[in-house]
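Below: the structure, in structure tokens.
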Amino acid sequence: MKKLPFLLSLAAAVLVAQERPVVLKTSTLYDGKGKTLHNTVIVVEGSKIAHIGGTAPANAITYDLAALAVTPGWIDTHAHIVNHFDKNNRLSGKDEPASQASWRVAENVVATLNAGFTTVQSPGAIEDRDLRDAIARGVIPGPRIITSLEPLTENSGDAATMRKLVRERKQQGADFIKLFASKSIREGGQITVTQEQAEAVCGEAKSLGLRTMVHAHSPESAKVATLAGCTSVEHGAYLTDDIFDLMAKRGVYYDPNIGLVLQNYLENRPKYFGIGNYNDGGFAFMEKGIGITLDTFKKSLKHKDLKIVYGTDANAGAHGQNYREFIVRVHDGGQDPMQALISVTSLSAESLRLGNEIGSIAPGMQADIVGFDGDPLKDVYAAGRAVFVMKGGKVYENAQHGSKTGWHP
């Protein structure tokens, strides 16, 4: 018992240390909204940014990030964060023991956070809820998780049943609602829901204060979602100019997912093959899909009022490589690098209704801050070299004096 006073004083000292402000010295700072600042400091107090520039507090903990390009924490609006490969190097299933699955999921969230992604929207799985809450409690390091829990499909029931299911998801703790309105690209992407079903889901969600994300590859399914007042359209491999115009007019966000999801499936074909529609026909569709989705993305860029957010549809094998979407959008898709950065930060935050909390570097915002070895706006492959990661004022990675190799084709 004699050690108790020492332990209490040590705990108090740790608490005092945690309450000290943090100063980040920067030479190139992108605020996430299109503005570039040079040779300034970010002062962090607690979990938030106190101010930019000015005098640094005398008792502050200082990190010199002058050799790095500094941005807000990146946001992935579409990543299946719990999906992973099991000990047999196959897509995990319900037979995998929870004790094994939990550690592999932990690998996913740590890899994603270390890649500079401080917020991830997962659409979704029931396991997301406990993962979200564990990360929020500080049990394990990871990005903040936003989840739909289990999605709704055309087989969920008629309009009345779907409205009931939306209410159930809300009670279960869902942050938003996910609806499948078309088949997967492996099956051709045809529309699967009626206008009545879409209106039931998106209308009920809106009445409860929830957003709606809609899987829609075909023009018909995206139109149904847009007319129903849904929040975002995912994938949209076959969307046309008139649909993009309609989405822009109605303020519906577009999440194209062109740089990682199909590539990851093809790179990990043996680990997926034979499960569900991961068959010869499905993989043939995905091989064609890379070119199709890239062409559609280029088409979408011509619609200046269209709000294009940043999601990857990361699945097993892709977590921690979420930055590849940025590389493909800029390098192959021709998106302006600053617009791509805005997409992965402030615009995605806006789409999540969190624009007043995350996605930009400004006083009062959460201190989600990433430093890159190289400048992603000048060298797109630097997007894969996040070497400093802060989330909510806490530093999770500080390897700027080491080497970190990102993905390169």
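Tabulated results
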quantity: Residue check, L165 of a type in the set (A, V, I, L, M), open to solvent by less than 40 Å² (accessible area, probe 1.4 Å) and farther than 29 Å from S346 by Cα; calculated: yes
quantity: Exclusive hit being under 28 Å from P97 (Cβ atoms) and modelled with pLDDT of 95 or more, set L131, L179; calculated: L131
quantity: Selection from region 14-65 of residues that are open to solvent by 30 Å² or more (accessible area, probe 1.4 Å) and in a loop (DSSP other than H, G, I, E, B); calculated: R20, K33, G34, K35, G46, S47, G54, T55, A56, P57, A58, N59
quantity: The listed residue being touching a Phe, Trp or Tyr at 6+ places or on another chain (Cβ under 7 Å) and not hydrophobic (A, V, I, L, M, F, W, C), out of G311, G355, G333; calculated: G333
quantity: Test: residue in region 378-396 that is open to solvent by 50 Å² or more (accessible area, probe 1.4 Å), among the acidic types (D, E) and farther than 21 Å from L37 by Cβ; calculated: no
quantity: Region 68-94 residues that are free of Cβ contacts under 8 Å to residues at least 40 places away in the same chain, paired with ones that are assigned to a loop (DSSP other than H, G, I, E, B) (beta carbon under 6 Å, 6 or more apart); calculated: D86/S92; D86/E96
quantity: When residues of region 311-361 are limited to those that are surrounded by 21 or more Cβ atoms within 10 Å (Cβ to Cβ) and basic (K, R), the one farthest from V109 (Cα to Cα); calculated: R329
quantity: Output for region 363-377, where each listed residue is open to solvent by less than 20 Å² (accessible area, probe 1.4 Å) and either part of a loop (DSSP other than H, G, I, E, B) or β-branched (V, I, T) (or both); calculated: M365, A367, D368, I369, V370, P376
quantity: Test: residue in region 101-122 that is farther than 21 Å from Y396 by Cα, crowded, with 19+ Cβ neighbours inside 10 Å and not hydrophobic (A, V, I, L, M, F, W, C); calculated: yes
quantity: Residue, farthest from Q197 (Cα to Cα), within region 135-170, restricted to residues that are without any contact (Cβ under 8 Å) to a residue 24 or more places away in the chain and out of contact with any helix residue (DSSP H, G or I) (no Cβ under 9 Å at 6 or more places or on another chain); calculated: G138
quantity: Check on A349, assigned to a loop (DSSP other than H, G, I, E, B), at negative phi and among the small types (G, A, S); calculated: no
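Condition check ((1) part of a helix (DSSP H, G or I); (2) touching a residue at least 24 places away in the same chain (Cβ under 8 Å); (3) farther than 27 Å from R211 by Cβ) across all residues:
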{"residue": "Y254", "(1), (2), (3)": "no, yes, no"}
{"residue": "Q263", "(1), (2), (3)": "yes, yes, yes"}
{"residue": "P270", "(1), (2), (3)": "yes, yes, yes"}
{"residue": "G274", "(1), (2), (3)": "no, no, yes"}
{"residue": "Y278", "(1), (2), (3)": "no, yes, yes"}
{"residue": "A284", "(1), (2), (3)": "yes, no, yes"}
{"residue": "K288", "(1), (2), (3)": "yes, no, yes"}
{"residue": "G291", "(1), (2), (3)": "yes, no, yes"}
{"residue": "T296", "(1), (2), (3)": "yes, yes, no"}
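So that you can scan it fast, the table gives a plain yes or no per residue for (1) part of a loop (DSSP other than H, G, I, E, B); (2) over 15 Å from Q321 (Cα atoms); (3) of a type in the set (G, A, S):
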residue: D95; (1), (2), (3): yes, yes, no
residue: S99; (1), (2), (3): no, yes, yes
residue: N108; (1), (2), (3): no, no, no
residue: A111; (1), (2), (3): no, no, yes
residue: P141; (1), (2), (3): yes, yes, no
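The values are calculated or read from the model by the stated rules, or taken from the named source; none is laboratory data. All values derive from a computational prediction rather than experimental measurement. Positions of Cβ are generated from backbone atoms using ideal geometry, with glycine treated the same way; all protein chains shown enter the neighbour counts. The protein model used for the area step is the full one, side chains on, heavy atoms only, and it has no ligands, DNA or RNA in it. Shrake-Rupley method; radii C 1.70, N 1.55, O 1.52, S 1.80 Å.
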